[in-house]
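What follows is a short report on a single structure.
The values are calculated or read from the model by the stated rules, or taken from the named source; none is laboratory data. This structure is a prediction, so every number in the text was calculated from the model and none was measured. So basically every Cβ, Gly included, is an ideal-geometry build from the backbone, and we count neighbours across all protein chains shown.
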Amino acid sequence: TVYPDEHIASLKVAGRIADLIRSKQQMGEKAVLGLATGATPVEVYAELVRLHREECLSFQNVITFNLDEYYPMSPTAAQSYVTFMNENLFDHVDIPKENVHIPDGTLEREQITAYCLDYERKIEALNGLDLQILGIGRTGHIGFNEPGSAPNSGTRLVTLDDLTRRDASRDFGGKENVPTKAITMGIGTIFKAREIILMAWSKKKAPIIKKAVEGEISSDVPATYLQLSDQVEFVLDADAASEL
Ligand code: GLP
């Protein structure tokens, strides 16, 4: 779906998330959301905060699982995805603290495998994700599933691509300060969501969107795996869609 600009597109996506939360609430159920970080979803979260403040959208029945976190990473660091989520969403809505899950960047190396399995189990115990939202990196990564990621991959420790670290260097004051690793949900984890929305804005994303939507399905561009699923929607602004 192509919208004229990222503002309109973000409002539409936020509206769909709000509808899901409200319909689950009416049924007395939890809404289980997979959330993304980066610049792309910022306006979506801002609109959800507005809906909470002005239109009584409650997050009491919402459970969230974030896609990824840098490793190692202190949750209180300015660049952590914990800080990002708190500043953009969680600090401004009524979500119970225990309902929020973000991969832990402070684990010892030997704890990571068991932790990742447990992350998957927690999602499965809730009967899976109702909706996963995604951005896309210029390497074609979703979450931090870089080129080479297997379609059935689970939550795990990964090594970041050089381009991904270069793109993150502004936040960290230089590429040398960007962690070389991250913990990310796998492609297989993402695929289990009942609905997936990938968002992309701006000309900068146009080449990778063309590859993701029209390119040959390959681990070289992990987002191409999304072509295999019929519960995926690409939500784009006109610039990101300009090479399609
Ligand atoms: C990071 C995140 C991804 C995100 C990507 C794109 O690598 N781990 O989940 O999709 O950046 O970021 P942006 O939205 O800032 O372009």
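Within region 190-214, residues that are assigned to a strand (DSSP E or B) reach partners that are surrounded by fewer than 18 Cβ atoms within 10 Å (Cβ to Cβ) and among the acidic types (Asp, Glu) with beta carbons closer than 9 Å, at six or more positions or on different chains, in the pairs Ile196/Glu233; Ile197/Glu233; Leu198/Glu233. The residues listed here are Leu226, Leu129; of these, the one that is under 23 Å from Ala14 (Cα atoms), part of a loop (DSSP other than H, G, I, E, B) and either modelled with pLDDT of 95 or more or within 12 Å of the ligand (Cβ to nearest atom) (or both) is Leu129. Taken over region 164-188, the residue count meeting the criterion of being in contact with a strand residue (DSSP E or B) (Cβ under 6 Å, 6 or more places away or on another chain) and touching a residue at least 60 places away in the same chain (Cβ under 8 Å) is 5. Restricting attention to region 41-66, the residues being closer than 18 Å to Glu233 by Cβ and surrounded by fewer than 23 Cβ atoms within 10 Å (Cβ to Cβ) number 2.
Looking across Ser219, Ser169, one residue alone is more than 20 Å from Leu35 (Cα to Cα), part of a helix (DSSP H, G or I) and of a type in the set (Ser, Thr, Tyr). It is Ser169.
Going through region 62-117 one residue at a time, which ones are among the basic types (Lys, Arg) and touching a helix residue (DSSP H, G or I) at 6+ places or on another chain (Cβ under 9 Å)?
Answer for region 62-117, where residues must be among the basic types (Lys, Arg) and touching a helix residue (DSSP H, G or I) at 6+ places or on another chain (Cβ under 9 Å): just Lys97.
Within region 115-135, residues that are in contact (Cβ under 8 Å) with a residue 40 or more places away in the chain reach partners that are assigned to a helix (DSSP H, G or I) and within 16 Å of the ligand (Cβ to nearest atom) with beta carbons closer than 6 Å, at six or more positions or on different chains, in the pairs Gln132/Ile190.
Here is a list: Glu146, Glu120. Which entry is closer than 22 Å to Ile208 by Cα, acidic (Asp, Glu) and surrounded by 15 or more Cβ atoms within 10 Å (Cβ to Cβ)? Just a single option satisfies the conditions, and that option is Glu146. Checked against the criterion of being assigned to a helix (DSSP H, G or I) and either in contact (Cβ under 8 Å) with a residue 40 or more places away in the chain or buried (at least 23 other Cβ atoms within 10 Å of the Cβ) (or both), region 229-244 has no qualifying residue. Any idea which residue in region 91-108 is nearest to Gln79 (Cα to Cα), counting only those that are assigned to a helix (DSSP H, G or I) and touching a residue at least 24 places away in the same chain (Cβ under 8 Å)? Of everything passing the filter in region 91-108, His92 is nearest to Gln79 (Cα to Cα).
Where in region 1-83 are there strands (runs of 3 or more DSSP E), lying wholly inside it, with at least 3 residues that are among the β-branched types (Val, Ile, Thr)? First the steps, then the outcome.
Values: elements: 31-35, 62-66, 68-71.
Counting at least 3 such residues, we get 62-66.
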